[in-house]
Amino acid sequence: MTLPRHKRVPDEPGKNDRVMRAPYNFVPLPEAVLTVDPAALPTHDCYHGDHCTGHIDLHIETETLLYTRCAYPPEFADQEVHRTPQRQAFFHHGDPKHPFIPGSSLRGMIRTLVEIIGFGKMTHVYDERLIYRAVGDTTSLGQMYRKKLLGTGNPLPYPSKNLKGGYLRKEGTDWYIAPAMERDGESFVHTRKYPSFAGPHQEGRNFDKSDIISVWLRPPTTRREKGSSGSNRPSLCLADVPDSDIDRREDGEPPEAGWVSGVLVRSGHMRGKHMHCVIYEENPDNKKWIQIPRDLWELYERDIKTSRGIPCRELKNEGDPLFYLTEPTLSTAVNPCGLVFFGPTMMFRIPYDHGIQAFIPEFIRNNEEVDLAESIFGTTERKGRVRFEDASFVRVSGEGSPFLDNDFAGTIVPKILSSPKPTSFQNYLVQPIDPGDRRKLCHYQEPWAGNRRPGKAPVSPSQGTVIRGHKLYWNKQADEESVAENPTEVQRDSNGLTGDTQHTVIRPVRNGCHFAGKIHFENLSDRELGVLLAALKLRDQDSRHRLGMGKPYGMGRLKIDWRLYLVDRKERYSGLATSAIPDVTEKAAQYHKDFEGALKRHYEEKCAGPTVGSIWQIPRLEALALLLDKKGPPTKKSNYTPLQPAEPWRNRFVLPTPHQAMGVAEHGQGLGIMSANPIGRVAKGAKVECVVLEQKTKKGGWRFQVKNSDSVGTLHPMSPDPPDLKPGCEVQLLVFSDDPKNMIFKWESENG
């Protein structure tokens, strides 16, 4: 089955560049899961002669800073990390001077790789519905948001007749909405500017009771007609209340006949804003309160606690005024009014119709099937057959402590990293239509059509989409200077403690630290042992594992060497003397070959892929290899896109594939190359590995040959020379002209 494929993002600088930069990227979902027959799994009550039992010795070397937090004594559990040295240490067994890498961390890292390499399922994804607000969004999401809240039709109602005002009520543990009184079909109206009694608005402050003002007002009669922005269609806009027809409510008597009570809801500041809403008083004759389904209330509570840097009034007290949206077609037994959502202002945040799991095809999250990762590592219902020891510190390259040598006992204050933002659908979802057109971007409203019930029509610009896959971080250099916060941003006392609650304090181990650990396994099949070894070996000697905290800054890069030991239990127990377990590392290729053969057959038969010589030529595993390559893309391409200028965020620039980010093509596409892989035509803008040739040009310039290719070329006249050039050395260059007989290259430094 062919899943939606991420299309190339336009990346012509100065013309049509819509590429989003980020320190992470994704390994795409598999087209089909490589399953294991549960009935064929061995029992745990004996050693099976046709299966493999033994252990793998691990030698781990840190190539950048590494940090995994320690297990701290219970008496420090309630104390803040930035003020508690006992909670800042690297993981240890009682002596903070002797670090260990937790076996649980190693297990999680290897399991993820087994899941990816073994074409496993993706089941460990939370199924929460994401919430969004897109008032001025110019993409497809903004179009959908405004359609929901502002309505459709000709003339266009503004806002939608399904958007109403009301008040929060509670009975027992359940929350309700008491609808407001409606006059001339409206439950709330606009006031054009702040009435004088409301006082000046202070930009950036949190909202409180002073923003909820009881008022008297003269109800306007009809909506006003106005041409809608950017369209020739007229719109019927919400009626305005002139300043002369509204006043603060001080007592129980209206100032004049015909005036009624209401609540002025003052919302946040934004440039050019001049409208606020007045909700009419609660309707005393309407005893049918709208019950807020428990899942919607819990969704609201989780969302309101999410920090977005924008102050927001929280709905939590009896009588709080609010706005709510209904959709009768969504009516169910537990939600008879079809309540969509609610919020403190008219243009409030609303949830997508689907949770994230809807964007993972059902055949990739089928709990009835067992994949290689589950068969090896187990589940909550099935015991696993591997065990990871904590890896103990052995030595550091050269001499000295495994920790940094600074004035704060090796501790640093890392730069603040926020939580992932899956609401950035331009990064987290496959864009199969046209990433160059923001109006055609797929978002979380419509899952892939191949995973949709028959006869259900799509509502987004496409036939739906899927998530991008497994999120991994690019490899790059990381030292104390690049990871630690600027000292001017956070002050530390003589003990290295800080009073800044936004920052944490950590004590990482430095690069060049060596650790030793073990993986014990029992009753693994040749195929299972093969995929486990593939997750340790990776593609080639330039591949690196990643572990621990601070991966966006390059922390946690590891080089892992391993040796395989197998034991014949029958022979071992039948002998009187205990013999050494033999080292059979040279046989590891046999187990890897068994797994690789099974995976290639699966890829060609179940995934309809072309014939490949190596599993690392499969496009999604090529993507994994690129993400794990120790060099990674240039720094400027693997850092977060800055918040200013705002254009990439406002217009939702799209995260490219790992292949595009590295300037190479998928195997068989003929648009680029990967080192150590068969060569196709090299694409302009690709980053390639070249060998310096001995024969120079007539003018004495260096000539270069693309590795594993007949393509030869020279440097662009405006390009600087790479340092330390000599015949036979290798260098990474960018392709400026892709004529294979006379290529032109450019060189960029590590910092881009």
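The values are calculated or read from the model by the stated rules, or taken from the named source; none is laboratory data. For clarity, every value in this text was computed on a predicted model and none was experimentally measured. Quick reminder, even Gly has a Cβ in these numbers, built from the backbone with ideal geometry, and neighbours come from all protein chains shown. For accessibility, only protein heavy atoms count, side chains too; no ligands or nucleic acids. Shrake-Rupley method; radii C 1.70, N 1.55, O 1.52, S 1.80 Å.
Here are some notes:
- Looking only at residues of segment 614-666 that are open to solvent by 50 Å² or more (accessible area, probe 1.4 Å) and touching a Pro at 6+ places or on another chain (Cβ under 7 Å), we find that the one that is farthest from V735 (Cα to Cα) is Y640.
- Qualifying residue in segment 101-123 (condition: more than 26 Å from the chain's Cα centre (by Cα) and surrounded by fewer than 23 Cβ atoms within 10 Å (Cβ to Cβ)): no
One line per residue, one yes/no per condition, for (1) touching a strand residue (DSSP E or B) at 6+ places or on another chain (Cβ under 6 Å); (2) charged (D, E, K, R); (3) closer than 24 Å to A358 by Cβ:
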{"site": "R107", "(1), (2), (3)": "yes, yes, no"}
{"site": "I117", "(1), (2), (3)": "no, no, no"}
{"site": "Y126", "(1), (2), (3)": "no, no, yes"}
{"site": "A134", "(1), (2), (3)": "no, no, yes"}
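- For segment 150-170, the candidate set comprises residues that are in contact with a Phe, Trp or Tyr (Cβ under 8 Å, 6 or more places away or on another chain) and not basic (K, R); within that set, the residue that is modelled with the lowest pLDDT is G151.
- Every residue from segment 694-720 that is of a type in the set (A, V, I, L, M, F, W, C) and open to solvent by 40 Å² or more (accessible area, probe 1.4 Å): W702, M718
- Spans of strands (runs of 3 or more DSSP E) in segment 650-752 with at least 2 residues within 22 Å of D11 (Cα to Cα) and at pLDDT 85 or above: 730-737, 743-746
- Residue list for segment 385-439, restricted to those being over 30 Å from D57 (Cα atoms) and among the β-branched types (V, I, T): T411, I412, V413, I416, T423, V430, I433
- Annotation: of all residues in segment 602-613 being assigned to a loop (DSSP other than H, G, I, E, B) and touching a Ser or Thr at 6+ places or on another chain (Cβ under 9 Å), the one that is most open to solvent (accessible area, probe 1.4 Å) is A608.
- Within segment 133-155, the residues that satisfy the criterion of being surrounded by fewer than 19 Cβ atoms within 10 Å (Cβ to Cβ) and either among the β-branched types (V, I, T) or assigned to a strand (DSSP E or B) (or both) are V135, T138, T152.
For every residue, the table says whether it meets (1) surrounded by 22 or more Cβ atoms within 10 Å (Cβ to Cβ); (2) free of Cβ contacts under 8 Å to residues at least 24 places away in the same chain; (3) within 23 Å of G550 (Cβ to Cβ).
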site	(1), (2), (3)
E362	no, no, no
R365	no, no, no
I376	yes, no, no
G384	no, yes, no
E399	no, yes, no
F408	no, no, yes
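- The selection criterion, being surrounded by fewer than 22 Cβ atoms within 10 Å (Cβ to Cβ), touching a Ser or Thr at 6+ places or on another chain (Cβ under 7 Å) and touching a residue at least 24 places away in the same chain (Cβ under 8 Å), holds for L130.
- In the set Y132, Y167, Y126, only one residue is aromatic (F, W, Y), out of contact with any Asp or Glu (no Cβ under 6 Å at 6 or more places or on another chain) and farther than 30 Å from F90 by Cα; that residue is Y132.
- Any hit, segment 217-238, residues being open to solvent by 70 Å² or more (accessible area, probe 1.4 Å) and at pLDDT 85 or above: yes
- Among the residues making up segment 585-612, those that are free of Cβ contacts under 8 Å to residues at least 60 places away in the same chain and among the aliphatic types (A, V, I, L, M) are A588, A589, V612.
- All conditions in (1) in a loop (DSSP other than H, G, I, E, B); (2) surrounded by 14 or more Cβ atoms within 10 Å (Cβ to Cβ) hold for Q491, with the sole exception of (2).
- Every pair of residues 6+ apart whose Cβ atoms lie under 7 Å, when the first sits in segment 1-20 and is over 26 Å from I360 (Cβ atoms) while the second is hydroxyl-bearing (S, T, Y) and surrounded by 14 or more Cβ atoms within 10 Å (Cβ to Cβ): none
- Every residue from segment 552-563 that is surrounded by fewer than 22 Cβ atoms within 10 Å (Cβ to Cβ) and in a helix (DSSP H, G or I): P552
- First in segment 242-261 and free of Cβ contacts under 8 Å to residues at least 12 places away in the same chain, second anywhere and part of a loop (DSSP other than H, G, I, E, B) and of a type outside the set (S, T, N, Q), Cβ under 9 Å, 6 or more apart: S244/R218
- Condition check for V19: buried (at least 17 other Cβ atoms within 10 Å of the Cβ) and within 13 Å of V430 (Cβ to Cβ): no
- Hits in segment 307-334 - residues which are open to solvent by less than 30 Å² (accessible area, probe 1.4 Å) and either at pLDDT below 90 or not in a loop (DSSP other than H, G, I, E, B) (or both): R313, P321, L322, F323, Y324, L325, T326
- Hey, N523 open to solvent by less than 20 Å² (accessible area, probe 1.4 Å), more than 30 Å from Y428 (Cα to Cα) and touching a residue at least 40 places away in the same chain (Cβ under 8 Å) or not: yes
- Candidate set: segment 90-127, residues that are of a type in the set (D, E) and in contact (Cβ under 8 Å) with a residue 40 or more places away in the chain; chosen: the one farthest from M555 (Cα to Cα): D127
- Of the residues I560, I615, the single one that is touching a Leu at 6+ places or on another chain (Cβ under 8 Å), over 23 Å from S105 (Cα atoms), in contact (Cβ under 8 Å) with a residue 12 or more places away in the chain and among the β-branched types (V, I, T) is I615.
- Of all residues in segment 289-306 being open to solvent by 40 Å² or more (accessible area, probe 1.4 Å) and in contact (Cβ under 8 Å) with a residue 40 or more places away in the chain, the one that is nearest to the chain's Cα centre (by Cα): R302
- For segment 336-360, the tally of residues that are open to solvent by 20 Å² or more (accessible area, probe 1.4 Å) and part of a loop (DSSP other than H, G, I, E, B) stands at 7.
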